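Report on one structure; see the data block that follows.
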Amino acid sequence: MRTLREYVGDAMLAAAERRGRPPDPPAPRAEMTPGGRYTQMDLLDSLPAKARVERYGAMMSSDFMACETVKARAVRSLPVHVMRKGANGPEPAPDHPLERVLRRPNALMSWGDFAAWATIRRDVMGTAYARAYRDALGRIVEIRPVLGAVSVSYDRATGTAVYSARQDYYNDPWTCREDGLLILKTDSSEDGGKTGRSIAEQAAEDIGLSIDLTRFYRALLENGNHFPGYFETEQKLTVEDIKAIRAKLDAMKGPDGAGGTPIWDAGLKYREVSLKLDGMNLVEQERFVLEKVCRACHVDMHHVFADSGAAATAAQGADLDFAKHTVLPDVRGWEDAFQVLLDRAASLGGAPGEYYVKFNLSGLERADIKTRMEAHRIAVYSGIYTRAHACELEEIPWLPGQDRLLQPTAYYVVDEDGEPYVPAERTSGTSGQSDGVSGIDKKAVADSVALIAAQARSRVAARAAADGDTPRTRAFAADVMRPVAQAAAMLGHEIDWERAIDEEIERCRHA
């Protein structure tokens, strides 16, 4: 196997050492704690104090975390597969090594766990990194989160990027090129796209207001649901009197004692400040703050359960907006990040390949059962896909014979001259999409044409037996046989309808 220096190259390692910290040597196993020598706190220590509070402090905001979990739960619920660019369009690639990793990225995480972690990590920190591990053949076998700070070195002469990080809970110290790292970034950047900017940092003031409101409610509750005020009395208070007042105030703290009616001794009168709860419009203030946090996270108020029942019912169209304007851009970033792993680094000769990762958003865009059935009916009758594929979309088993296309009788394939024809050969296709270009079983077509032609000839024979060989009989026979002959011609079968009429009339004459 190649060494790290052979893999990255002497020049790139030297550039990495000039521009940043060189990679740490692997630590002896005896020095490693169960969580590794460096954990997530290592990344915290590397951040400026202000950014440290803004980014991780945002996770104390219930408003911010409500928006983030909505996005994370949406992404983790989406089916994701490796697809291949086939001759007849996209087709699943269930045997690709990455397909198994998408089910279980590593021993500690399911795909849902990893997707949720990466989504929230990206928005809180600006960029989420995950290390891709390959076997001796270069196939991806595992993806692990990166919890420590990642340094980047870019060689402008060769256009090569090298990433490195210290040891954390999941990884030993490592250095790799871009095809060894899954990188998810936010939409905004202050360094030319090298990293994303933290949403929590951008919306720090709005998120801070959310946390401040929570703290205010707590302080209000601890103060017995009373605003700060003062006592008045004309008597002189002793130390014991002051301790008794303090005990009564403490008894009114918390959820059990809040809101009680105190009885004061020694002529005490409590003077509360003039500000009242009903004058502060706290509910409107909280909603205002929540709206600003939702706007920063690209999440509608409807999805954090902030609307009333009537508003939620009227906002059903917001589900499609959420899928289109929030989830779709997110999963597009996931697909682009995986493409780098599949195509390998350009500096190693990597090029766009035939495989790609695709998220299926149909679940989020899923309509009601009546609308879905109507869409399936139109697609099946139009020959877009088979009944078997419709069953697969609804996740129900399909029956034998449903994997064949229903051929519309009012439409057919035409050549350059506009003449209908049957393709000479059928192309291969999947059971869910097509059994060939025309989707027609030639033997079944021949049997059907013969049966229809026999029925038409029997009608001609019956009329000839009843009326004889007359102009009206021949006109009737032509009206019956000509359409059958035309339909048979469209299916590639020739019927001499005039000869068939003569044969049936002649047979009746000698009967």
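Could you tell me the extents of region 94-203's C-alpha atoms along the three principal axes, largest first, rounded to whole Å?
Projected onto its principal axes, the Cα set of region 94-203 covers 39, 36, 28 Å.
I need the phi-derived Karplus couplings for region 291-304: 6.51 cos²θ - 1.76 cosθ + 1.60, θ = phi - 60°, integer Hz, Gly and Pro marked x.
These are the phi-based 3J(HN,Hα) values: 4, 5, 5, 4, 5, 5, 8, 6, 10, 6, 4, 4, 7, 10 Hz.
Of the cross-linked pairs Lys358/Lys442; Lys85/Lys324; Lys243/Lys269; Lys292/Lys370; Lys85/Lys442; Lys71/Lys358, which ones have a Cα-Cα span greater than 27 Å in the structure shown?
Values: Lys358/Lys442 36 Å; Lys85/Lys324 24 Å; Lys243/Lys269 16 Å; Lys292/Lys370 37 Å; Lys85/Lys442 29 Å; Lys71/Lys358 18 Å.
Over 27 Å apart, Cα to Cα: Lys358/Lys442; Lys292/Lys370; Lys85/Lys442.
Counting alpha carbon pairs within less than 8 Å and at least 6 residues apart, what relative contact order, in whole percent, applies to region 57-162? Intermediate results must be reported in sequence, preceding the final value.
Numbers: 110 pairs, mean separation 21.6, N = 106.
The value is 20 percent.
Which order do the peptides 190-198, 478-486, 291-299 come out in when sorted by mean C-beta neighbours inside 10 angstrom, highest first?
Working: 190-198: 14.2, 478-486: 15.8, 291-299: 19.2.
By packing density, highest mean first, the sequence is 291-299, 478-486, 190-198.
Setting aside same-chain residues fewer than 8 positions from Lys194, which lysines have a Cα under 19 Å from its Cα?
Lys185
Any read-out appearing in this document is the output of simple, stated calculations on the displayed coordinates, not a laboratory observation. Worth saying up front: this structure is predicted, and the values here are computed from it rather than measured. Cβ: placed from backbone, ideal geometry, glycine included. Neighbour counts: every protein chain shown.
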